[in-house]
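I have placed the structure first, in the form of structure tokens, so that the comments after it can refer back to it.
The values are calculated or read from the model by the stated rules, or taken from the named source; none is laboratory data. Small disclaimer: the values here were computed from a predicted structure and weren't measured. All Cβ positions, even for glycine, are placed from backbone atoms using ideal geometry, and neighbour counts span all protein chains on display. When the accessible area is computed, the model is the full protein with side chains, heavy atoms only, and any ligands, DNA or RNA have been set aside. Shrake-Rupley method; radii C 1.70, N 1.55, O 1.52, S 1.80 Å.
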Amino acid sequence: MEILACPMCKGDLELSIEEEEEEEKEKGEVVKGSLYCRKCDLRYPIEEGIPNLLPPELRQKSE
Amino acid sequence: MDDEKIKREVRAGYAKIAKEGSSCCAPVSSCCGSTHLAEDISKRIGYSEEELKAVPEGANLVLGCGNPVALASIKEGETVLDLGSGAGFDCFLAADRVGTEGRIIGVDMTSEMLAKARENAEKGNYDNVEFRLGEIENLPLADNSVDVVISNCVINLSPNKARVFKEAFRVLKPGGRLMISDIVLLKELPDFIKDSVEAYVGCLSGAIMKEEYLKLMAEAGFPDIRIMDETSFPIEYIANDPTAKAILEDLEMPIEKAKEVAGSVTSIKVRGVKPE
């Protein structure tokens, strides 16, 4: 987590957790949640345990 | 082809490979799904039998050109970043080397590939491997945060290679090393191949001249770049490789032309170190 950064400004990200995996709680594996960059005001979703840190314009095209 | 179109096509191509479990480099080929063939090709590109057995089944999609040199250099406790990690094959091999104190981060822009990688990580109980959906041109990592950047036959797919090298340089710690394996050209490819989407996704038309590739690396800040290994593709490889075959058929390319193309392409393993 400490080496994660916003792909745009390379600044720090804030984690918010919606769901954590029970048996992996001590590892802190986040299944669903998001990462927020205050500087860019961008929110990056975490789904199925994988943070989506694609730049916003590329993310939209994939959906 | 413009950059946006290239990115879309590459993602779509590899998403398809992830879903169908095809074992080769191009989305057009559906002929080589068998695990045995995947293993065969893997051995040819330099992975040992032990390495192939060590990773969960399904992780080895054989989309790379082999990166055993980079893997061999990885030490216990290191943080390793894999650019274009796909289904996670190299990540899992690296994970065994760094041990519990180290960590591996795989970045890939295809969510279907990452879903597979995560599944494989669970199957193999790899606690020190994590995957992120991201672009290698815009790495979601802090400056000076990793010891080694590895990449196996991926950078050729990027429409902005200069930026990929700059990003790799940025995230490396001082003294950290970039160890990549990729396809480069010794001669320019004919136009009809350059314009082919299939050949692009199949790691061919995105490749650039070797000198240009090394120049971009140097411009990113790597002072002394060493080519560790260079392997050309003999025509037999082209003739027996399902990916190459599919591309040839798609382009209706005669064998003479294919020979010419084969002679223009080479696979290199390169190493660069970020100054202390």
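Descriptive notes on the structure:
- Residue B:102 long-range amide H proximity, modeled H, under 5 Å: B:77
- A cut-off under 14 angstrom between Cβ atoms defines the neighbours of residue B:72, and their net charge, with Lys, Arg +1 and Asp, Glu -1, is -2.
- 3J(HN,Hα) along the stretch B:68-85, derived from phi through the Karplus expression 6.51 cos²θ - 1.76 cosθ + 1.60 where θ = phi - 60°, amounts to x, 5, 4, 4, 5, 7, 6, 10, 4, x, 7, 9, 10, 10, 10, 7, x, 6 Hz, with x in place of Gly and Pro.
- Qualifying GluC sites (Glu not before Pro) in the stretch B:82-143, where qualification requires a DSSP coil assignment and no more than 12 other C-beta atoms within 10 Å, comprise B:101.
- Average other protein chain Cβ within 10 Å of Cβ, residues B:125-138: 4
- Formal net charge of residues neighbouring residue B:136 (Cβ-Cβ distance under 9 Å; K, R +1; D, E -1): -3
- Amide proton proximity set for residue A:20, modelled H, under 5 Å, gap of 5+: A:31
- Long-range amide H partners of residue B:222 with built H, under 5 Å: none
- Ordered by solvent-accessible area of protein heavy atoms (1.4 Å probe), largest first, the residues A:16, B:151 come out as A:16, B:151.
- Phi angles across the stretch B:106-115 convert, under the Karplus curve 6.51 cos²θ - 1.76 cosθ + 1.60 with θ = phi - 60°, into 3J(HN,Hα) values of x, 10, 8, 9, 9, 5, 5, 5, 5, 4 Hz, Gly and Pro given as x.
- Long pairs among B:173/B:215; A:39/B:173; A:39/B:75, criterion Cα-Cα beyond 32 Å: A:39/B:75
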